[in-house]
Amino acid sequence: MTTVVTGSAELCAAVLDVGSFRSWDAPAKSPFTADSAYRRELDAARCHAGTDEALITGEGRVDGLRLAVAISEFRFLAGSVGTIAARRLVDAVERATTERLPLLLSPASGGTRMQEGTPAFLEMIAIADRVAAHRRAGLPVIVHLRHPTTGGAFASWGSLGTVTTAEPGALIGFLGPKVYRALYGERFPKDVQTAENLHDRGIVDAVVDAEELSGFVRRILSVTSRGPIVTSPATAAPDRHSRTSPDPWTSVTTTRRRDRPGTRELLDQQVHDLVELTGTGAGETATATLLCLGCVGATPCVIVGQDRSADAAPGPADLRTARRGFRLARELGLPLITVIDTAGGELSPEAENGALAGEIARCLAELIDLPVPSVSVLAGQGSGGVALSLFAARRRIAARHAWLAPLPPEGASVIVHGTPDLAADVVRDQRVGSFDLLRIGAVDRIVDECPDAADEPTAFLARLAVAIEEEVQLHTAQS
């Protein structure tokens, strides 16, 4: 596969509204330490690239929304970052922070400019500091990695995005393959330093080309450019669920139906401007947890939901993905929605070695401590600590047949009676059902199923979405 290098002007034209780009760049000067040979290289690079440095900055609009941009020009000395380009990048990020603009960073760079050595290398510190400060200000940083991105560019501004995308087939890695081959006398293993591999590893959220990037950015801006909209009074609408408490074992068997709607169906049918994120961003992917940005009705939010359709149980990486969602909600000031629907956590040596118990504890502590509105939705099965790890939000909703228990019913029956055959009796004794949870104050409202969510999925999910938005607005109004 041959990957074409996308220039800075081409990316601006693909992503920004026509005619909206405005440069922030003053004319670039040569570094005062540059000798005559380096100055000739710079002059030649300007002629070749059509830019005065390896980076352009400015602002534009995406669907009318303002966006600051800093984009590498690879044709200028392989997009390498010297002191002048670094200062241009730092100034642009600072201006974006001051003007409270979301920021698109798009490196295509071989890294630090070797002609300038350590002074240029040290600029990575200032770049990382300013990008981190932008995120601390509650402003999104969208990183789009282009072919190729290596070295110091990848190890600073290329790896500090709120959301990270990469173009298809792009070479992305810390150590450039040319350097690796020269140092070690062999080629770097194939298909490691690729956009697709990084996506599979949970380091990149999505692989999108320049044409797709505009829509991706637009959805992110749509979600992050507005705060929660309070339209309801300080009390939630009255529930109209059946007042008859279902039999707990009936609820357990009902929620085990394979055709019961879950998080995936909720996202597809009731969430708009959806932006799905992948993994922890640190080399792990979730096997049974979905993380996304999106809007439920008029309410923008971060959503973390257990995926009942996955052929896997939530493990440590799932909980670390959930914690990434918690951090995003805190950082962006967005409400957090968690959806619980799991038959239980991963039981394996790998889960023990991956600190499953510790991740449950950290999820509980971080979710309880979130300063933004949070709503937990007990949508179906709620078995064990991995279910509880997403249940500690300030407001809590349960579907009529949803249940929460410390162990799968059959496992609890083994402990209490020495056999799994009395699971139905155990769940009745343990008060696991939604109405039991309502009576003890563990949930705030019940969303009805008429009579079973699997028999009326569209109507059920619509009611659930209304309840979620009302509970977010209630929490927002009371905060």
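Any read-out appearing in this document is the output of simple, stated calculations on the displayed coordinates, not a laboratory observation. Only a predicted model underlies this, so the values are computations on that prediction, with no experimental measurement involved. Please note: Cβ atoms are built from the backbone with ideal geometry, for glycine as well, and neighbour counts cover all protein chains shown.
Taken over the Cα atoms of segment 371-413, the convex hull encloses 61 Å³ per residue. Computed from Cα atoms, the angle from the helix 118-136 axis to the main principal axis of the chain rounds to 30 degrees.
Add -39500 (n - 2.57) for each DSSP H run of 4 or more in the chain, then divide by its residues: what number comes out at 222 nm, to the nearest 500 deg cm²/dmol?
On the way: 18 runs with 190 residues, N = 479.
Mean residue ellipticity at 222 nm (helix-derived): -12000 deg cm²/dmol.
Mean silhouette area of segment 1-72, derived from the convex hull of its C-alpha atoms and averaged over all directions, reads 6.5 nm². Compared with the dominant principal axis of the Cα atoms in the chain, helix 316-332 is inclined by about 70°.
What is the Cα radius of gyration of the chain over 2.2 N^0.38 Å, N being its residue count? Here the answer is 1.10, to two decimals. Stretched out straight at 0.36 nm per residue, the stretch from ALA133 to ARG39 would grow longer than its current Cα-Cα span by 30.5 nm. For segment 1-123, the average shadow cast by the Cα convex hull is 8.5 nm², which is a quarter of the hull's surface.
When the alpha carbon gyration tensor of segment 243-342 is reduced to an equivalent ellipsoid, the three semi-axes, largest first, read 25, 18, 12 Å. Length gained on full extension, GLU352 to ARG431: 25.5 nm, using 0.36 nm per residue less the C-alpha separation. Evaluating 6.51 cos²θ - 1.76 cosθ + 1.60 at θ = phi - 60° for every residue in segment 103-115, the Karplus couplings come out as 10, 10, 10, 9, x, 9, 8, x, x, 5, 6, 5, 5 Hz, glycine and proline recorded as x. Placing dummy labels 7 Å off each Cα toward the beta-carbon, the span from VAL466 to GLU94 is 5.3 nm.
For segment 286-444, the share of alpha carbon pairs falling in successive 10 Å distance bins from zero is 12, 40, 35, 11, 2, 0 percent.
Angle between the Cα long axis of helix 356-368 and the longest principal axis of the chain, 0 to 90 degrees, nearest 10? Between the helix axis and the principal axis of the chain, the angle is about 90 degrees.
Of all DSSP beta bridges located in the chain, what percent are antiparallel, nearest 5?
In the chain, approximately 40 percent of DSSP beta bridges are antiparallel ones.
A simple rule links phi to the HN-Hα coupling: the Karplus curve 6.51 cos²θ - 1.76 cosθ + 1.60 with θ = phi - 60°, which for segment 167-183 gives 7, x, x, 5, 7, 9, x, 6, 9, x, x, 5, 5, 4, 5, 5, 7 Hz, with x for Gly and Pro. Computed log10 I(q)/I(0) for segment 307-383 at 0.14, 0.17 Å⁻¹: -0.47, -0.68, from the Debye equation with unit scatterers placed on every C-alpha and solvent omitted. With one equal scatterer per alpha carbon and no solvent term, the Debye-computed log10 I(q)/I(0) for segment 62-172 at 0.09, 0.19, 0.22, 0.24 1/Å reads -0.20, -0.91, -1.19, -1.36. Label-to-label distance, ARG22 versus ALA155, with points set 7 angstrom from Cα along the beta-carbon direction: 3.8 nm. One chain, two ends: LEU175 and GLN269. Fully extended at 0.36 nm per residue, the span grows by 29.6 nm beyond their Cα-Cα distance.
In this simple spin-label approximation, VAL416 and SER30 carry label points 7 Å from Cα along the Cα→Cβ vector, and these lie 8.3 nm apart.
Across segment 177-222, the convex hull enclosing all Cα atoms gives 99 Å³ per residue. Between ARG187 and SER245, the C-beta separation translates, for a Förster distance of 51 Å, into a calculated FRET efficiency of about 0.20.
Summary of the geometry: segment 419-479 and segment 248-268, compared by the centres of their Cα atoms, lie 12 Å apart.
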